[in-house]
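The values are calculated or read from the model by the stated rules, or taken from the named source; none is laboratory data. None of these values were measured; they are calculated from a predicted model. So basically every Cβ, Gly included, is an ideal-geometry build from the backbone, and we count neighbours across all protein chains shown. Quick note on the areas: whole protein, heavy atoms, side chains included, nothing else; ligands and nucleic acids left out. Shrake-Rupley method; radii C 1.70, N 1.55, O 1.52, S 1.80 Å.
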Amino acid sequence: MIDSLLSLLTFPQVLAALVIALLAGFVKGATGFAMPMIILSGLGSFLSPELALAGLIFPTVVSNVWQALRGGVGEAVEAAIRYKLYIAALLVMIMLSAQLVVILPQSVVFLSLGVIVVLLASYLLIGRALTIPEHHRSFYDLGLGAISGVIGGIAGVWGPLTVAYLTAVDTPKKLQIKITGVIFGAGAITLLLAHLRSGVLNAQTIPLSAMLLLPAVLGMAVGQWVQDRLDQKKFKRATLFVLLIAGANLIRRGLF
């Protein structure tokens, strides 16, 4: 495993990857989202999009399953039923669009994701939210779920649009964290299966993703401790500033 890792990364890059995973886990634990974007933008500073995407898969799967089940299986099932159309559209489009990762140019993947992250982080930072009538929920569940799935399959990130949507329908904090865990967990498992098929996750890249799992889980445990004790609104605002910087870095990579 060590030999395989050092064939992909230098020792300083290994240390940097571990720190990035730790930070991503902490933010995920404190806010309920943002792990894929932090890992992808961080690793993307010195690795190819395919390697960065492979690295985030195991930490994303484990952290989201943990988040979804933290309050018990019953609450997770209830959340899944409530957002079943969104989840179904998300999973189908992740599976279909994941095959484009090895076709699209690296610059397109970085630039498109960076623009999305910056726009949505900025939108949330100024305190804006969409207003979606309850009788239109099914339409938005399917449409926004599909869009999130396309982004997720190509870039490994479907959090920003999901968080914006949950905010738009006035989801309470505790329920939002539960639902994002369910949605992200289901998407992460689908992403894992899709990229076993696409070749992004293979014998060479699996050790990288496995290596990032422990620091991500440790960071998440600390983040959840903070989430239980500090004002969530202020901490989420700080997280959005981090995402804004991460998105700007992705745009830089896409342009240069």
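Label the range 91-187 by shape, choosing from rounded, prolate and oblate, from the square roots a ≥ b ≥ c of the eigenvalues of the Cα gyration tensor; if a/c is under 1.5 it is rounded, and otherwise prolate applies when a/b is larger than b/c, oblate when it is not.
Working: a/c = 2.00, a/b = 1.49, b/c = 1.34.
Prolate shape, in that a/c is at least 1.5 and a/b is the bigger ratio.
Please sort by residue number the chymotrypsin sites (Phe, Trp or Tyr not before Pro) in the range 155-198 whose DSSP state is loop and whose Cβ has at most 13 other Cβ atoms within 10 Å. Before the final figure, lay out the partial values.
Numbers: sites: Trp158, Tyr165, Phe184; in loops: Trp158.
Sites meeting the loop and neighbour criteria: none at all.
Would you mind getting the accessible area per residue of the range 1-115, heavy atoms of the protein chains only, 1.4 Å probe, in Å²?
Values: 4680 Å² over 115 residues.
Each residue of the range 1-115 exposes 41 Å² on average to a 1.4 Å probe.
Mind telling me which of Val118, Val77, Val92 comes out most flexible in a GNM of the chain, alpha-carbon contacts under 10 Å?
Result: Val77 has the largest fluctuation of those listed.
Report, in debye and to the nearest 20, how large the dipole of the chain comes out about its Cα centre when Lys and Arg carry +1 and Asp and Glu carry -1 on their Cβ.
Details: 17 positive and 9 negative charges, 104 e Å.
Dipole of the chain, to the nearest 20 debye: 500 debye.
Considering only protein heavy atoms, with the full assembly of protein chains and a 1.4 angstrom probe, order Met211, Met95, Met37 by accessible area, largest first. Walk me through the intermediate numbers first.
Numbers: Met211 30, Met95 60, Met37 5 Å².
Correct descending sequence by accessible area is Met95, Met211, Met37.
So if a site counts as exposed when it's one of the trypsin sites (Lys or Arg not before Pro), its DSSP state isn't H, G, I, E or B, and it has at most 15 other Cβ atoms within 10 Å, what's the longest stretch of the chain without one?
Numbers: sites that count: Arg70, Arg128, Arg229.
That would be 129-228.
Return the sequence-ordered ³J(HN,Hα) values of the range 177-187 in whole Hz as given by the Karplus equation 6.51 cos²θ - 1.76 cosθ + 1.60 applied to θ = phi - 60°, using x for Gly and Pro.
With the stated coefficients, the range 177-187 comes to 5, 5, 5, 5, x, 5, 5, 5, x, 4, x Hz.
Mind checking Rg over Rh on the chain, alpha carbons, Kirkwood formula for Rh? Please list the in-between numbers first.
Values: Rg = 16.8 Å, Rh = 17.9 Å.
Computed over Cα atoms, the ratio is 0.94.
Taking the Cα centre of each part, how many Å lie between the range 25-71 and the range 73-147?
Cα centroid of the range 25-71 versus Cα centroid of the range 73-147: 16 Å apart.
So what are the ³J(HN,Hα) numbers for the range 188-196, from phi and the Karplus equation (6.51, -1.76, 1.60; θ = phi - 60°), rounded to whole Hz, Gly and Pro as x?
5, 5, 5, 4, 4, 5, 5, 8, 5
Identify, among Leu193, Leu144, Ala216, the residue whose Cα sits farthest towards the positive end of the charge dipole of the range 132-256, taking +1 on the Cβ of Lys and Arg and -1 on the Cβ of Asp and Glu, with the dipole about the Cα centre.
Ala216
Run the dipole for the range 1-141 about the Cα centre, Lys and Arg Cβ at +1, Asp and Glu Cβ at -1, nothing else charged, and hand back the magnitude in debye, nearest 20.
Details: 6 positive and 6 negative charges, 51 e Å.
The calculated dipole for the range 1-141 is roughly 240 debye.
Keeping the other protein chains in place, figure out the carbon and sulfur percent of the accessible area of the chain, with a 1.4 Å probe. Write out the running numbers ahead of the final one.
Values: 8150 of 11280 Å².
Of all accessible area on the chain, carbon and sulfur atoms account for 72 percent.
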